[in-house]
Amino acid sequence: MHRGGHPDAGPWFRLLDRDRRLLCLLAEHKVLTTDQIAALEFASVRRAQDRLRKLREMGMLFAFRKSLYSGGTSQTRHALGYLGARLIAAQRAEKPPAPGAHALMLERLACSPTLEHRLGVNDFFCALAAHRNPTRHHDTPRLEQAERLTQWWSERQCSEFFQLCKYSGERVRLRPDGYGCWQRQDRAVRFFLEFDTGTESLTTLTRKLDFYHSFPTDDFGILLFSLHSTRRETAARAALHKALDGYEPGLVIATTARDHTHPDGSAGPVWSLLTSTQQHHDRAARVSRPARTRPSHR
């Protein structure tokens, strides 16, 4: 525990570069599982477990699990420990959190009803980011040429950046579940993500289009809907077509169901473009990779 008047920056210099990257990710995205962290920075889950255990012993991380009704526990979830939060605040020249406030934040995170949704969003981006895992590319030229995620913004970052002030003075914020950029050599596509778990109605889902229409979203990227099942995707596409009422949406929209299986996951040919008319619904072309859904100048 840090004692006032006795600063100690030594732990920061005992961290590896990947440890510091992990702390920065957790400061922004709040929680990651062991598998997600392994996909980002490690060659195997076992190596990730060994390093994460040391970081917990140092006070850098806080770990918790969920008890399952069928018995056992879920995979370990990791968040910033108090010392990790203090070091990140110091590195950013920000005021550190109070011990009690940080402990309360961790309790709320562990008990949050939206935790599974947050983990799902993070899993989507971690799977894409795994393509640029430095431990899987031993030579720098190969890493630079690989298809990779070059940008990952949280909902908080998006709401701060994507703001629109209407004539009435009302400030509208765009709140996607995430925003990213996928790059393949000299081609890149930026995208908004709406991650659906099936808990909200299709009416609520389609109303999100109104927010995107308020912004010049075509200048920033395309809109991706990740649905939890094929059945949900079929119903969502029909609802989106009805909401568009035969008109072009003004931005590129693509959908996928997470029960589609492909070795490359969301980076594979699992996306279907949403066309303006219902007759094209069943014939929508499968997009081979996100980077190919946009012209080369995007």
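The values are calculated or read from the model by the stated rules, or taken from the named source; none is laboratory data. Just so you know, these numbers come straight off a predicted model, no measurement behind them. Counting neighbours? That spans all protein chains shown, and the Cβs are built from the backbone with ideal geometry, glycine included.
Of all residues in segment 36-83, those satisfying the criterion of being in contact (Cβ under 8 Å) with a residue 60 or more places away in the chain and not hydrophobic (A, V, I, L, M, F, W, C) are GLN36, GLU41, TYR82.
Residues in segment 14-36 that are within 15 Å of the chain's Cα centre (by Cα) and of a type in the set (A, V, I, L, M, F, W, C): LEU22, CYS24, LEU25, LEU26, ALA27, VAL31, LEU32. Of the residues screened, HIS213 is one that is modelled with pLDDT under 80, of a type outside the set (S, T, N, Q) and either closer than 29 Å to THR230 by Cβ or surrounded by 15 or more Cβ atoms within 10 Å (Cβ to Cβ) (or both). Counting only residues that are over 16 Å from THR114 (Cβ atoms), of a type in the set (D, E, K, R) and in contact with a Phe, Trp or Tyr (Cβ under 9 Å, 6 or more places away or on another chain), segment 167-207 holds 2 of them. Every test in (1) of a type in the set (Gly, Ala, Ser); (2) more than 19 Å from TRP153 (Cα to Cα); (3) under 15 Å from the mean Cα position of the chain (by Cα) is passed by ALA39 save one, and that test is (2). Of the set (1) modelled with pLDDT of 80 or more; (2) in contact with a helix residue (DSSP H, G or I) (Cβ under 9 Å, 6 or more places away or on another chain), all apply to PRO269 but (2). List the pairs whose first member sits in segment 198-210 and is in the same structural domain as HIS241 (by TED's automatic domain parsing), whose second member is part of a loop (DSSP other than H, G, I, E, B) and not polar (S, T, N, Q), and whose Cβ atoms are under 7 Å apart, counting only residues at least 6 apart or on separate chains? These pairs meet every condition: GLY198/HIS228; LEU205/ASP196; LEU209/PRO249.
Considered as a group, the residues in segment 173-186 that are of a type outside the set (Ser, Thr, Tyr) and either under 19 Å from VAL121 (Cα atoms) or not assigned by TED's automatic domain parsing to the domain that holds LEU209 (or both) include one that is modelled with the lowest pLDDT, and that residue is LEU174. Of the residues making up segment 144-172, those that are modelled with pLDDT of 90 or more and assigned to a strand (DSSP E or B) are LEU149, THR150, GLN151, TRP152, TRP153.
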